[in-house]
Amino acid sequence: MFIKRLPKFEYHAPTSLSEALDLLAKYDGKARVFAGGTDLLVSMKKREILPEHLISLKRISDLKGIHHDQKEGMKIGALVTLGEIEHSKIVKDKFCVLWDAVHVMASPQVRTLGTIGGNLCGAVPSADTAPPLIALGASTKMVGVQGERRVLVENFFKGPKESVLQRNEILMQVLIPNPPPGSSGTYLKLMRRDAMDLALVGVAAYLRLDPERRVCSEARIALGAVAPTPIRAVQAEQALINKRIDEALAEDAGKAAATVCRPISDIRSSLEYRCRMVEVLTKRAVMDAYRRISQIDGLKG
Ligand SMILES: Cc1cc2nc3c(=O)[nH]c(=O)nc-3n(C[C@H](O)[C@H](O)[C@H](O)COP(=O)(O)OP(=O)(O)OC[C@H]3O[C@@H](n4cnc5c(N)ncnc54)[C@H](O)[C@@H]3O)c2cc1C
């Protein structure tokens, strides 16, 4: 595809959130914030959007850093890059379902620039960080002229490229509660090739096992790229609750997940194939999450 040069725009580099919000209000409707630019600049080159003003968030320190607290969980600034998340030991050790996702996103170069905030705010159905964040029960914190508010990642998306983020609001942080003992998760992504590709299907599974009875006491399964937004497969979760996890049960969960997906057929894959792969990957993700818990707990299951 022929990609043109960037159209002309005025560049702003505020150093505080209040300055950025003032600029958004001043250039109301004519400005866009940008983080890594890996989505936005491509859309501008393709002339899909033509903002007259670009407001870079890169100099705002309030939007940076990964902070973990034993009580409050993890806070990831919207400007944290996918590469920073990939190289975070706490993410790999404690929030491995998110690590699984960033590790298979794009390329090292794109991960060095692209941010978690940009991935969510772009709001494409295949955004890879969304299913793991939904599975982890994460929420987003936003700020606008009206003040701050929090929305669960599960409720953040409204449609393709559409989120609850209001005009002139900025995503500040992603907040993830600490996974309790006896829990773990997995993200599995189906691509046409092994790297640099968007998900045909993405499945994140989070499970918690009851320490006494070894049955599944909590389950969250989230699907990406198979509906207008990332979605939760509640029927699949219900299939697991209060039961001992095994291959047959995981298969039931897979079948239940396939009933909630609403994919499209496109050049990359047919609707039927995507539904079948939701079934297969959900089964695998449930079993992988179960094995991870068993390994952490040193249990045989
Ligand atoms: C070659 C290539 C491969 C890719 N592979 C993948 C992949 O495998 N998986 C995947 O999910 N994505 C992929 N992407 C898409 C993209 O790289 C990611 O979505 C990335 O995380 C976007 O982050 P960014 O910081 O670059 O966003 P930007 O391009 O800076 O912004 C994206 C959108 O979010 C808005 N925005 C950004 N930050 C904020 C904020 N804090 N508050 C409010 N609005 C904000 C911008 O205004 C813009 O509309 C790929 C892109 C490329 C070019």
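For Asp39, state whether it is within 26 Å of Arg150 (Cβ to Cβ) and away from the ligand (no atom under 11 Å from the Cβ). Judged against the criteria, Asp39 is not a match.
Filter region 134-152 for residues that are touching a residue at least 60 places away in the same chain (Cβ under 8 Å) and open to solvent by less than 30 Å² (accessible area, probe 1.4 Å) and give the result. Of everything in region 134-152, those that are touching a residue at least 60 places away in the same chain (Cβ under 8 Å) and open to solvent by less than 30 Å² (accessible area, probe 1.4 Å) turn out to be Ile134, Ala135, Leu136, Gly137, Val143, Gly144. Those strands (runs of 3 or more DSSP E) of region 16-87 in which at least 1 residues are among the β-branched types (Val, Ile, Thr), over 21 Å from Val124 (Cβ atoms) and in contact with a His (Cβ under 7 Å, 6 or more places away or on another chain), considering only elements entirely within it, cover 53-56. Out of curiosity, is Gly73 touching a residue at least 40 places away in the same chain (Cβ under 8 Å) and either more than 10 Å from the ligand (Cβ to nearest atom) or surrounded by fewer than 18 Cβ atoms within 10 Å (Cβ to Cβ) (or both)? It is true that Gly73 is touching a residue at least 40 places away in the same chain (Cβ under 8 Å) and either more than 10 Å from the ligand (Cβ to nearest atom) or surrounded by fewer than 18 Cβ atoms within 10 Å (Cβ to Cβ) (or both). May I ask you to verify whether Ala20 is at pLDDT 95 or above, within 13 Å of the ligand (Cβ to nearest atom) and in contact with a Pro (Cβ under 6 Å, 6 or more places away or on another chain)? The answer is yes for Ala20. If you go through region 92-111 and keep only what is free of Cβ contacts under 8 Å to residues at least 60 places away in the same chain and of a type outside the set (Phe, Trp, Tyr), you end up with Lys92, Asp93, Val102, His103, Met105, Pro108, Gln109, Arg111. Assess whether Ala199 counts as being crowded, with 24+ Cβ neighbours inside 10 Å and modelled with pLDDT under 95. Yes, satisfied. So, in region 77-93, how many residues would count as being under 20 Å from Leu152 (Cβ atoms) and either within 8 Å of the ligand (Cβ to nearest atom) or open to solvent by 20 Å² or more (accessible area, probe 1.4 Å) (or both)? Total satisfying the criteria: 1. The set of residues in region 40-87 being closer than 30 Å to Lys4 by Cα and of a type in the set (D, E, K, R) consists of Lys45, Lys46, Arg47, Glu48, Glu52, Lys58, Arg59. Taken over region 115-144, the criterion of being more than 14 Å from the ligand (Cβ to nearest atom) and either at pLDDT below 95 or assigned to a strand (DSSP E or B) (or both) is satisfied by Ser139 alone. When Ile221, Ile231 are checked against the criterion of being at pLDDT 95 or above and either surrounded by fewer than 21 Cβ atoms within 10 Å (Cβ to Cβ) or farther than 23 Å from Ser294 by Cα (or both), Ile231 stands alone in meeting it.
The values are calculated or read from the model by the stated rules, or taken from the named source; none is laboratory data. What you see is a predicted model; the values in this text were computed from it and never measured. Neighbour counts run over all protein chains shown; Cβ positions are idealised from the backbone, glycine included. Remember, those area values only see protein heavy atoms, side chains included, never the ligands or the DNA or RNA. Shrake-Rupley method; radii C 1.70, N 1.55, O 1.52, S 1.80 Å.
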